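J.: Here's a structure for you.
Derivation of every value follows stated rules applied to the coordinates shown; laboratory data play no part. As the structure is a computational prediction, the values presented were derived from the model and not from experiment. So basically every Cβ, Gly included, is an ideal-geometry build from the backbone, and we count neighbours across all protein chains shown.
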Amino acid sequence: MEERFNKLEGMISQLIQMVGNMKADQDEMKRDQMEMKRDLGEMKKDQMEMKRDNEHAHKEMAETLKSLESDQDFIWQKAVKNERDIARYVK
């Protein structure tokens, strides 16, 4: 009978140890999950910052292109006027 109790006691000890190991594994997984959430938050923050930077760069390029287009239109107008003046003086 005592042998059975010893056997049961050993089994219970083994179960307690297994539960303790599972709890430690669970705690480690929770820490890893929290770390991943922090990393994800940082990545989202970085992504938003890059998006703002890209929007700013796009706006600057659009303004530069608009300015170049205006300059080109002005140069073409000047060239046409000069060509007309030259044609008038040649006649």
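J.: Which residues, counting only those in the range 49-91, are hydroxyl-bearing (Ser, Thr, Tyr) and surrounded by 10 or more Cβ atoms within 10 Å (Cβ to Cβ)? Don't jump to the end; show me each part of the working.
T.: Within the range 49-91, the first condition is being hydroxyl-bearing (Ser, Thr, Tyr), and the residues that meet it are 64, 67, 70, 89.
Listed by number, the residues that qualify are 64, 67, 70.
J.: Still on this structure, I have one more. Among the residues of the range 33-53, are any more than 18 Å from the chain's Cα centre (by Cα) and not basic (Lys, Arg)? Before you say what the answer is, go through the steps one by one.
T.: Step one: filter the range 33-53 for residues more than 18 Å from the chain's Cα centre (by Cα), giving 33-34.
Retained after the next criterion (residues that are not basic (Lys, Arg)): 33-34.
Within the range 33-53, one or more residues are more than 18 Å from the chain's Cα centre (by Cα) and not basic (Lys, Arg).
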